[in-house]
1. 5 Å is the cut-off here: which amide hydrogens, built 1.01 Å from N in the peptide plane, fall below it relative to LEU85, excluding neighbours closer than 5 in sequence?
2. What value in Å³ per residue do you get for the convex hull of the alpha-carbon atoms in segment 24-113?
3. Apply the Karplus parameterisation 6.51 cos²θ - 1.76 cosθ + 1.60, with θ equal to phi minus 60°, to every residue of segment 44-51 and state each ³J(HN,Hα) to the nearest whole Hz, in sequence, with x for glycine and proline.
4. Please arrange LEU60, LEU91, LEU29 by how many other C-beta atoms lie within 10 Å of their C-beta, fewest to most.
5. Mind listing which chymotrypsin sites (Phe, Trp or Tyr not before Pro) in segment 29-70 are in a DSSP loop and have 16 or fewer other Cβ atoms within 10 Å?
6. In sequence order, what are the phi-derived ³J(HN,Hα) couplings for segment 26-42 according to the Karplus relation 6.51 cos²θ - 1.76 cosθ + 1.60 with θ = phi - 60°, rounded to whole Hz, with x for glycine and proline?
7. For THR96, which sequence-distant residues (separation of 5 or more, or a different chain) have an amide H within less than 5 Å of its own amide H, given hydrogens modelled in the peptide plane?
Amino acid sequence: MLAETQIQTDWETVCQLDDITPFTGVCALVGEIHIAIFRVSDDKLYAIQNYCPFGQASILSRGIVGTVGERIVVASPLYKQQYDLATGECLEDPETTLTTYAVRVHDGSVQILN
């Protein structure tokens, strides 16, 4: 008889939802990864890598959140590349894609899937 494989999902609490003002971002260290978390409405969050490959700095959480057509994006504060928050795709250079992370709100806490 084969043993069942169990997939473990660990959600790590990084802050409270009220700590993030709508249409802004914050940075969290999850393990050794800098993650930018954006709150775009009362209950909608996105999480992407905080490291900007063009500016070569962990600065995306300080970017400007907005929309381009139907896409919700953040513009890098250094060179202004725009990244789709849902997919991580750079609008100016589609070959460049950021890592995205699962994020949720649980009992008022913002959690990242670790």
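Computed from the coordinates by the stated procedures, all read-outs in this text should not be read as laboratory data. Bear in mind that the values here come from a model prediction, so they are computed numbers and not experimental data. Neighbour counts are summed over all protein chains in view; Cβ atoms, including those assigned to glycine, are modelled from backbone coordinates with ideal geometry.
1. ILE72, VAL73, VAL74
2. 89
3. 10, 10, 10, 9, 9, 4, 7, 7
4. So the residues, fewest neighbours to most, are LEU29, LEU91, LEU60.
5. PHE54
6. Along segment 26-42, the couplings run 9, 10, 10, 9, 10, x, 10, 9, 7, 10, 8, 10, 10, 9, 9, 7, 4 Hz.
7. Amide H to amide H, under 5 Å and 5 or more residues apart or across chains, THR96 pairs with CYS90.
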